[in-house]
Amino acid sequence: MQQFAAGLRGGVLQPGDAAYDEARAVRNGLIDRRPALIVQCRGTADVVDAVGFARALGLLVSIRGGAHNVAGNAVNDGGIVIDLSEMHSVHVDPERRIARVQGGATWGEVDRETQLWGLAAPGGQVSTTGVAGLTLHGGLGSLHRKYGLALDSLRSVEIVTADGQVRTASDSVNPELFWAVRGAGSNFGVVTSFEFALHPVGPEIYQAAPIFSLDDAPAVLRKYRDFCATAPDEFGPQAMFWSVPAVDDFPAELHGMPIMVVLVVYSGDPDEGERLLAPVLDWATPILDLSGRAPWAVAQSSFDAFFPSGGYYYWKSLLVGEPSDDLLDAVVEVAADRPSPDAIVNFWQLGGQIGRVAPDATAFAQRDAKYLLSLDTSWFDPDATERCIDWTRRTWAAMQERFATDRAYLNFVGFGEEKEALVRASYGANYDRLVAAKTTYDPGNLFRMNNNIPPRG
Ligand SMILES: Cc1cc2nc3c(=O)[nH]c(=O)nc-3n(C[C@H](O)[C@H](O)[C@H](O)COP(=O)(O)OP(=O)(O)OC[C@H]3O[C@@H](n4cnc5c(N)ncnc54)[C@H](O)[C@@H]3O)c2cc1C
């Protein structure tokens, strides 16, 4: 142990160390795990040593990227955490429109550097979320219809596999590993850096954000569906059911009122966006209107304050096809029944570039879903935990039975309780090929704190 620690550039934390509790905490306050060892890696060599140490001692391994995984897979009890949070550099090559991003970076850090050049990679919608977990299992955000999932912009990765080898994976080098990493990445090793293709976005964008009363939701949701049916890819539409947050930005008399927010980000020219999106504001009489121009990086962090570290999160989702009236009515019923004012029901349009990539081109198979219905149940009162989790599970199961096809989006799966059924539902026809790749690259299943693909044998 001493020899291992002495060789590292980064530090090692154990129970009792002053920084231990902070280092084992993840975003979700429901998770309280006590690893034996947290290795705060400062570079690829530290990761190689940590992987070798874990393998030699047979330790359970967690990889910590942005630590936003709701199930808390970034930490474990009694094992080792390979913590990448000190590896978060972002380097942009504006000529080639490429960013090289270390494995512990957040999306806010990527936007900060890429926006210097008016460029962006398609990431998520909360800037504190880790690039790694989000990208390796999909990656939905305001740009997914125009540029695809986050993983669709990957050009290569550097990854430390279970045997301790540092490998590049790209279309031309280790292509099977690159295929597997794009959808099932946490099963195949520790990604120490990502190479993303960048796209011109911002520095300013326009977003429509009228807030309607829940009473108007049945009619507005139908208009939303009709709008989405012909929306160009530059539109990133979401229908979010929430309650007016009790913060100063909103009039006090509206605090707690159940609402429907139609959020449509336009990633092209902001003037054009404002013109094209004007009709959205007339779908009903908004009780508030937050529409306007914003710097891309600001728009990308506008939800941050609502998902603080230590809040309680249990999020589950369904991928659905064409939305029937029946489905829309059920969404409104679910929205009216939310167990906490901080819970969001999000009906998010997919399609566009996501669906233009073949389902077997990457490990991510679910390319043809039309919408994601996400039950983002968040709360801050520990006494509400049982009620909130129970509601989410029951509602998800009921909606799944009525409307979902046999599919799943692995970035929003609660605690992944459905295990193999969930993993099979997510990877579909790609599952057997993934098992073969796992057997090649991680035959001992060293990397299993994830939605696991077990190796053969
Ligand atoms: C507030 C919030 C907002 C979110 N917004 C979005 C969104 O807009 N779009 C979306 O698609 N999803 C979103 N998510 C879901 C998010 O994509 C997942 O929770 C994802 O797992 C987070 O990645 P992370 O690196 O922060 O998490 P971590 O908890 O660090 O890791 C998640 C998984 O990836 C593995 N992993 C982490 N780093 C590496 C690495 N370098 N190499 C290999 N494996 C690694 C871990 O072992 C773990 O299994 C959001 C989640 C939260 C809590």
For a quick check: with amide H placed at 1.01 Å from N, whose amide H comes under 5 Å from L350's, ignoring anything fewer than 5 positions away on the same chain? Y371, L372
The farthest towards the positive end of the charge dipole of the stretch 2-83, of the residues A45, A25, P15, given +1 on Cβ of Lys and Arg and -1 on Cβ of Asp and Glu, is A45
Please report, in Å, the Rg and the Dmax of the stretch 1-153, where both are computed over Cα atoms only. 16.4, 50
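So if I place +1 on the C-beta of Lys and Arg and -1 on the C-beta of Asp and Glu, and nothing else carries charge, what would the dipole magnitude of the stretch 204-403 be about its Cα centre? I want it in debye, nearest 20. Kindly include the intermediate steps, with their values, before the conclusion.
On the way: 14 positive and 31 negative charges, 114 e Å.
Dipole size: approximately 540 debye.
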Antiparallel %, DSSP beta bridges [both residues in the stretch 1-149], to 5: 50
Output ³J(HN,Hα) for the stretch 266-277: one whole-Hz value per residue in order, computed from phi by the Karplus curve 6.51 cos²θ - 1.76 cosθ + 1.60 with θ = phi - 60°, and x for Gly and Pro. 10, 8, x, 4, x, 5, 4, x, 4, 5, 5, 9
Taking amide H positions as placed in the peptide plane 1.01 Å from N, state which residues far from R155 in sequence (5 or more) or on other chains have amide H under 5 Å from it. E195, F196, A197
Convex hull of Cα atoms in the stretch 60-108, direction-averaged projection (nm²): 4.0
If you plug each phi of the stretch 220-227 into the Karplus form 6.51 cos²θ - 1.76 cosθ + 1.60 with θ = phi - 60°, what whole-Hz ³J(HN,Hα) values come out, in order, with x for Gly and Pro? 5, 5, 5, 5, 4, 4, 5, 4
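Expressed as a rounded percentage, what relative contact order does the chain have, with Cα pairs under 8 Å and six or more residues apart?
16
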D for the stretch 2-83, whole µm²/s, Stokes-Einstein with Kirkwood Rh over alpha-carbon pairs at 4 °C and 1.567 mPa s: what number? 103
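Expressed as a rounded percentage, what relative contact order does the stretch 58-200 have, with Cα pairs under 8 Å and six or more residues apart?
Details: 322 pairs, mean separation 32.6, N = 143.
So the answer I get is 23 percent.
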Residues meeting the amide H criterion for T106 (H placed from the backbone, H to H distance under 5 Å, 5 or more places apart or on another chain) are V131
Report the Rg/Rh value for the stretch 204-403, based on alpha-carbon coordinates and the Kirkwood definition of Rh. 0.95
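What's the carbon and sulfur percent of the chain's accessible surface, probe 1.4 angstrom, rounded to a whole number?
50
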Over all alpha-carbon pairs of the stretch 275-362, lay out the pair-distance distribution in 10 Å bins, whole %, shortest bin first. 10, 28, 42, 19, 1
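What accessible area per residue, rounded to a whole number of Å², is obtained for the chain using a probe radius of 1.4 Å?
Values: 17760 Å² over 457 residues.
In whole numbers, the chain has 39 Å² accessible per residue.
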Using all alpha carbons of the chain, what is the percent of pairwise distances in each 20 Å bin, ordered from the shortest bin to the longest? 26, 59, 16, 0
The stretch 204-403: relative contact order as a whole-number percent, Cα under 8 Å and 6+ apart: 27
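Ratio of alpha-carbon Rg to the 2.2 N^0.38 Å globular estimate for the stretch 352-457, to two decimals, please. Please list the in-between numbers first.
Working: Rg = 16.0 Å, N = 106, 2.2 N^0.38 = 12.9 Å.
So the Cα radius of gyration is 1.24 times the expected 2.2 N^0.38 Å.
Can you tally the net charge around P270? Count Lys and Arg as +1, Asp and Glu as -1, for every other residue whose Cβ sits under 14 Å from the Cβ of P270.
Numbers: positive: R275, R293; negative: E204, E234, D269, D271, E272, E274.
Around P270, the surrounding residues sum to -4.
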Using just the helices of the chain, give the 222 nm mean residue ellipticity in deg cm²/dmol: DSSP H runs with n ≥ 4 each add -39,500 (n - 2.57), and the total is spread over all residues, rounded to 500. -8000 deg cm²/dmol
Among A219, V191, F415, the residue whose Cα sits farthest towards the positive end of the charge dipole of the chain (+1 at Cβ of Lys and Arg, -1 at Cβ of Asp and Glu, taken about the Cα centre) is V191
Taking only pairs that are 8 or more places apart or on different chains, how many Lys pairs in the chain have Cα atoms under 28 angstrom apart? 10
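The values are calculated or read from the model by the stated rules, or taken from the named source; none is laboratory data. On a predicted model such as this, the values are computed, not experimentally measured, just so you know. So basically every Cβ, Gly included, is an ideal-geometry build from the backbone, and we count neighbours across all protein chains shown. Remember, those area values only see protein heavy atoms, side chains included, never the ligands or the DNA or RNA. Shrake-Rupley method; radii C 1.70, N 1.55, O 1.52, S 1.80 Å.
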